[in-house]
1. Ordered by residue, what ³J(HN,Hα) values in Hz, to whole numbers, does the range A:174-188 give under the Karplus form 6.51 cos²θ - 1.76 cosθ + 1.60, where θ = phi - 60° and Gly and Pro are x?
2. For helix B:35-46, what angle does its Cα long axis make with the longest principal axis of chain B, in degrees from 0 to 90 and rounded to 10?
3. Where does chain A land on Rg(C-alpha)/(2.2 N^0.38 Å)?
4. Students often check this: by mean Cβ neighbours within 10 Å, which of B:44-54, A:169-179 ranks highest, and how do the rest follow?
5. In terms of modelled amide H atoms, which long-range or inter-chain residues lie less than 5 Å from the amide H of residue B:9?
6. By counting other Cβ atoms within 10 Å of each Cβ, how are B:7, A:221 ranked from fewest to most?
7. Pairs A:145/B:35; A:128/A:195; A:8/A:225; A:8/A:250; A:109/A:201; B:20/B:96: which exceed 20 Å Cα-Cα?
8. If you fit an axis through the alpha-carbon atoms of helix A:230-239 and take the longest principal axis of the Cα set of chain A, what angle between them do you get, 0 to 90°, nearest 10?
Amino acid sequence: MEILDLSKFCMRLGDSCLILAHRQSEMCSKGPFLEEDIAQTNLGLDLLGQAEALLIYSAKLEGKGRTADDLAFRRPEREFYNFMLTEQPNTDFAFSVVRQYIMALYLGKVYEALAKVDDDVLSGVAAKAVKEIAYHERHLGMWIKRLGDGTEESHERIQIALNELWMFVGELYEEDDLDLKLQEAGYAISGEEMKAYLMEKITAQITEATLSIPESVYMTTGSKKGIHTEYLGFMLTEMQYLQRAYPDAKW
Amino acid sequence: MSEVKDTQGQLWEVFIQSKKGLPFKHAGSVHAFDKEMAIQNARDLYTRRGEGKGMWVVPADAIVAVDASDEESFFDPSNDKIYRHPTFYELPEGLKNM
């Protein structure tokens, strides 16, 4: 594995955290009640912290003199490598819960492997993130169960969210050449292992919540090549507004 | 008294223990619909900055409080009985948290 491979790997992971954090930040002030509003915002803050650490490291390994801010605010849509799942909008509370829950499962497993690698920066970031993500899984899992096994309305809405988002799950265990190199170096688990883990966890949680796994077989692909759904562009327009309108602005 | 229906759930009081062995102190309150949600909401509001090592949440209506009108009969009689406090002892050096 070459140093640039590791840089790219960190960028992919950092991008997923960043975009997920931004989506989560949009929930600020829109929670169903005050306590949950704070909880949702806290989830976003955890992810933003992880994104920052990963993008700082990615930029450093890349060695082109870019900073984490450059990566976040000066790349166009096609140069972002976050999973399509992370950019899906907060259509309603159920969508946010499903999106964040599935990503929490994924990130938990990724960080678990990274916490053991022989790289002080990455293992340090991962060791801290594992604890944060464990809480995300618990909190969001609670909501999956609560909404699924709640009222007729909440059950229907979260089943719809699950159905609509399901096609984006395939990317989480898809592998390309870079993934294989990282796996060989012991930085990541195989796609097969990830798929088995996700399916087992999701199935258990969904069943407990009286929901059902969608039957759709079509899974999207492309975010590892910078291909995205229509939503990312709109999000970046807002997220990168300041740098686009006032390049190099300082305050 | 309340004309507006409260949709935020029940009120819970939060108690935090800053270190193992120390008493739990009241930190504030949260709204939640059940125990699990109460402890999670309390965590998000009160323990994200290293405030503690232990936490309790208690339904606010399970707490029995002294009515303000009973204040005199409950608290005033002890005003002139300073000997009820162990203030006449010298504390051994190095003793903390007494």
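Each value in this text was obtained by applying a stated rule to the coordinates, not by laboratory testing. Here the structure is a predicted model, which is why all the values come from computation and not from measurement. All Cβ positions, glycine included, derive from the backbone under ideal geometry; neighbour counts span all protein chains shown.
1. Couplings: 6, 10, 10, 4, 4, 4, 5, 4, 5, 5, 4, 7, x, 8, 8 Hz.
2. Helix B:35-46 sits at roughly 70 degrees to that axis.
3. Ratio of Rg to 2.2 N^0.38 Å for chain A: 0.98.
4. A:169-179, B:44-54
5. Residues meeting the amide H criterion: none.
6. B:7, A:221
7. On the way: A:145/B:35 15 Å; A:128/A:195 24 Å; A:8/A:225 11 Å; A:8/A:250 28 Å; A:109/A:201 11 Å; B:20/B:96 14 Å.
Cα-Cα > 20 Å for A:128/A:195; A:8/A:250; rest within.
8. The helix A:230-239 is inclined about 60 degrees to chain A.
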